[in-house]
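Since the structure comes first, as structure tokens, the remarks are kept for the end.
The values are calculated or read from the model by the stated rules, or taken from the named source; none is laboratory data. None of the values given here were measured: they were computed from a predicted structure. A quick note on method: Cβ atoms are made from the backbone with ideal geometry, for glycine too, and the neighbour counts reach across all protein chains shown.
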Amino acid sequence: MSKKVLFNKFILLITTITLLIAGGCSSSRKVKFEAGYGPIDENRLRQVVVGETTKDGVISSLGEPSRIEKTATGGDLIKYETRKSEEVNAKYGLFLFRVHYKEEHVNTLNIELNNGVVKKIWRN
């Protein structure tokens, strides 16, 4: 084989490899909230005021909580859980390389009441 034919085959090979690696990509991302554990409406949360809002006011503003626990001092601890799953699919290089992962996130909004009035609000 002549050097010119070998060179042309080499160029064709490099071009093919380059197209396979960088020739295309796509990705998708799905975010879902578990039924009954959707996101907290931040506008409604702003209606809950420490030192003013009562238990009934909290539930009226934010809806039914995930659970209510008793504190050591006899007050209530209202908990709103948010459960979110995030799924990512990505394909690179004419789909030769694939990435897939799924993450689960659980966040809790805690509202502590003392003597029937909101004492403290925090997330974890």
**Message:** Let me confirm something: among 119, 30, 102, 91, which residue is modelled with pLDDT of 95 or more and not acidic (Asp, Glu)?
**Reply:** 119
**Message:** Can you find a residue that is surrounded by 13 or more Cβ atoms within 10 Å (Cβ to Cβ), part of a strand (DSSP E or B) and in contact (Cβ under 8 Å) with a residue 24 or more places away in the chain anywhere in region 46-61?
**Reply:** yes
**Residue list for region 102-124, restricted to those being in contact (Cβ under 8 Å) with a residue 40 or more places away in the chain and under 20 Å from residue 74 (Cα atoms)** = 109, 111, 112, 113, 114, 115, 116, 117, 118, 119, 120, 121
**Test: residue in region 35-44 that is in a loop (DSSP other than H, G, I, E, B), modelled with pLDDT of 95 or more and under 23 Å from residue 109 (Cα atoms)** = no
**Fill in**
So, first residue under 15 Å from residue 99 (Cα atoms) in region 22-43, second residue part of a strand (DSSP E or B) and at pLDDT below 80, Cβ within less than 6 Å, six or more apart or across chains; the pairs are 25/92; 26/91
**Request:** Would you check if residue 80 is surrounded by 14 or more Cβ atoms within 10 Å (Cβ to Cβ) and under 19 Å from the mean Cα position of the chain (by Cα)?
**Result:** yes
